[in-house]
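The structure under discussion appears below in the form of structure tokens.
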Amino acid sequence: MKKKHKISEYIIQLTLVVLGVFLGILASEWNASKNLENNHKEVLKNIKLEIKSNLEIVKNAKKNRIKFNKSLDSLQPLLTNDLLNENLFDREFNERFPNWRGVGSGELSNAMFEMAKFSNMLSSMDVAVATQLSRTYAAQQGLNKTRDTFLSKFFDFNSTAKYSDALRLMWSIRQELGSYENMLIDEYTKTLEML
């Protein structure tokens, strides 16, 4: 009888130990899950701030581009063959291209998205949100690359460049960057609605 009592006591103690370990693991998992959820919220909040900031930059660039486009349109009737064949740098740049403010104000930020991607948080997010974020940042990267390409072409002009060469580049900038800006504004808006 005493043996049965000792065995029962051991079984109870073993059960308590197993139950304690199980509850400890459960609490640890719950805590890890809660931390992951908080980290997701924090990352999404930071991505949202980054996108809002980038959206304002693109909207301002678009406003500047609209002013420049009007100036470019107003130049069209004044262009003669003699004027088109002049060396680009024979006149002041502001005279050639009034209201020109450049191709944007630098690289649009993607630090928060990259952090989410490399910390593997993107893979554990809602699929629709992760897909939209990827699409948005891919469009942003396309705008950054296009802008860099145009800057490179612009700085390739030398003393033999003609005004007509620069005008062709300006028309390309107008078309391509304007399209990218519109597309990116749409993508930013969709993403902000999802977040």
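The conditions are (1) within 24 Å of Ile47 (Cα to Cα); (2) among the hydrophobic types (A, V, I, L, M, F, W, C); (3) loosely packed, with under 15 Cβ neighbours inside 10 Å, and Leu151 fails exactly one of them. Which is it?
(1)
Suppose the filter is under 35 Å from the mean Cα position of the chain (by Cα) and either over 28 Å from Ala139 (Cα atoms) or surrounded by 10 or more Cβ atoms within 10 Å (Cβ to Cβ) (or both); does His5 pass it?
For His5, the condition - under 35 Å from the mean Cα position of the chain (by Cα) and either over 28 Å from Ala139 (Cα atoms) or surrounded by 10 or more Cβ atoms within 10 Å (Cβ to Cβ) (or both) - is not met.
Tell me the residue from Asn60, Asn54, Asn46, Asn39 that is more than 26 Å from Phe118 (Cβ to Cβ) and in contact (Cβ under 8 Å) with a residue 24 or more places away in the chain, please.
Exactly one residue qualifies, and that residue is Asn60.
The conditions are (1) touching a residue at least 60 places away in the same chain (Cβ under 8 Å); (2) surrounded by 12 or more Cβ atoms within 10 Å (Cβ to Cβ); (3) not acidic (Asp, Glu), and Ala111 fails exactly one of them. Which is it?
Looking at each condition in turn, Ala111 falls short on (2).
Pick from region 65-108 the residues that are assigned to a loop (DSSP other than H, G, I, E, B) and exposed (fewer than 12 other Cβ atoms within 10 Å of the Cβ): which of them is modelled with the highest pLDDT?
Taking the candidates together, the pick is Asn85.
Quick check, is Ile57 touching a helix residue (DSSP H, G or I) at 6+ places or on another chain (Cβ under 7 Å), aliphatic (A, V, I, L, M), modelled with pLDDT of 90 or more and part of a helix (DSSP H, G or I)?
no
So, Thr136, is that one crowded, with 16+ Cβ neighbours inside 10 Å, under 15 Å from Ile47 (Cβ atoms), within 21 Å of the chain's Cα centre (by Cα) and at pLDDT 95 or above or not?
Considered against the rule, which asks whether it is crowded, with 16+ Cβ neighbours inside 10 Å, under 15 Å from Ile47 (Cβ atoms), within 21 Å of the chain's Cα centre (by Cα) and at pLDDT 95 or above, Thr136 comes out as yes.
Which condition from (1) loosely packed, with under 13 Cβ neighbours inside 10 Å; (2) in contact with a helix residue (DSSP H, G or I) (Cβ under 7 Å, 6 or more places away or on another chain) is the one that Asn35 breaks?
(2)
The values are calculated or read from the model by the stated rules, or taken from the named source; none is laboratory data. Remember, it's a predicted structure, so these values are computed and weren't measured experimentally. Cβ: placed from backbone, ideal geometry, glycine included. Neighbour counts: every protein chain shown.
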